Amino acid sequence: MNIVVLSRDTKLYSTKRLVEACHQRGHEVRVVDHVKCDLSI
């Protein structure tokens, strides 16, 4: 499964733990800074 984690910094403890847990379960993970995202409706 491909997972995107919205977070300001990849060095934050909670973000690291989420990424580690996803990797342990065999998922692809990408961390994206939500401030740099645009929403199109």
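Right, residue 40: out of contact with any Leu (no Cβ under 7 Å at 6 or more places or on another chain) and assigned to a helix (DSSP H, G or I) or not? Answer is no for this residue. Scanning the range 15-41 for residues that are touching a strand residue (DSSP E or B) at 6+ places or on another chain (Cβ under 6 Å) and over 18 Å from residue 1 (Cα atoms) turns up just one, 34. Restricting attention to the range 1-37, the residues being out of contact with any helix residue (DSSP H, G or I) (no Cβ under 6 Å at 6 or more places or on another chain) and part of a loop (DSSP other than H, G, I, E, B) number 11.
Quick note: the coordinates plus some simple rules give every number you see, no bench work behind them. Fair warning: this is a prediction, and the values are worked out from it, not measured in the lab. Counting neighbours? That spans all protein chains shown, and the Cβs are built from the backbone with ideal geometry, glycine included.
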